[in-house]
Amino acid sequence: MTETYGDRDRDRDEGPDRDRDRDRIKIWFRFVPREGWLPQDTEGLWAERVGVDTARVANVPFLQDGVAEGDVVRYRTDGEGLHWATGRAAASGNVTVRVLPERSGPLGPSARAVHERFAPFGLGGESFSAEFPLVALTVPVDAPLTEIKALLERGTQDGWWHWETGCTTDAWNAA
């Protein structure tokens, strides 16, 4: 799935989605920005309520480390109605991988080209923007981890991209 996520800066989960589906909420994560990285100190991720103060993350994080799509997180709701993550309640077993194409490399600054390389593995993910073609991928627990890691390394060696993990598992680390 290739999708450009255009509402990263929204402050509330409001509008027609809120009225249509009360079980879908935005969970906000707060973190210290990394030097040399994007300047944001929060990231909002869509989630589906699973309990009074828990929700299952429904999209892949671009900035927040330690959480993957499918994880269940705990949250608290502030006085303005924003839902702030307080910790992970249950891991999904999924891995978060972020890939930034090398602008001067063989793929150019193409998020689509990154998605095409991972399509044979059936990986879903999102693209940050056309200006900043960062691709965040969800690697499912049952994916061929060794093959995916080999492709990531090959892409680095061939000058296609830079990559990092945002959330790993023991299986990923062992592959």
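Residues in the range 141-173 that are of a type in the set (A, V, I, L, M) and either under 23 Å from P106 (Cβ atoms) or touching a Pro at 6+ places or on another chain (Cβ under 7 Å) (or both): I148, A150, L151, L152. Listed by first and then second residue, the pairs with beta-carbon distance under 7 Å, at least 6 apart or on different chains, first residue in the range 43-62 and over 16 Å from G166 (Cβ atoms), second among the polar types (S, T, N, Q), are W46/N59.
Take R34 and decide whether it is out of contact with any Asp or Glu (no Cβ under 8 Å at 6 or more places or on another chain) and either open to solvent by 20 Å² or more (accessible area, probe 1.4 Å) or farther than 27 Å from D170 by Cα (or both). Here the answer is yes, as R34 does meet what is asked. Across the range 135-159, the qualifying residues are those that are among the small types (G, A, S) and part of a helix (DSSP H, G or I), and the one among them that is least open to solvent (accessible area, probe 1.4 Å) is G155. The single condition among (1) exposed (fewer than 15 other Cβ atoms within 10 Å of the Cβ); (2) within 13 Å of A136 (Cα to Cα); (3) of a type in the set (F, W, Y) that F62 does not meet is (1). Screening G70, G44 for residues that are on the phi > 0 side of the Ramachandran plot and either within 11 Å of the chain's Cα centre (by Cα) or open to solvent by 60 Å² or more (accessible area, probe 1.4 Å) (or both) leaves exactly one candidate, G70. Of the residues that make up the range 104-124, is at least one in contact (Cβ under 8 Å) with a residue 12 or more places away in the chain, in a strand (DSSP E or B), touching a Ser or Thr at 6+ places or on another chain (Cβ under 7 Å) and surrounded by 12 or more Cβ atoms within 10 Å (Cβ to Cβ)? Yes, some residue in the range 104-124 is in contact (Cβ under 8 Å) with a residue 12 or more places away in the chain, in a strand (DSSP E or B), touching a Ser or Thr at 6+ places or on another chain (Cβ under 7 Å) and surrounded by 12 or more Cβ atoms within 10 Å (Cβ to Cβ).
The values are calculated or read from the model by the stated rules, or taken from the named source; none is laboratory data. Bear in mind the structure is a predicted one, so any value in this text is a computation, not a measurement. Using ideal geometry, Cβ is built from the backbone for each residue, glycine included, and neighbour counts are taken over all protein chains shown. When the accessible area is computed, the model is the full protein with side chains, heavy atoms only, and any ligands, DNA or RNA have been set aside. Shrake-Rupley method; radii C 1.70, N 1.55, O 1.52, S 1.80 Å.
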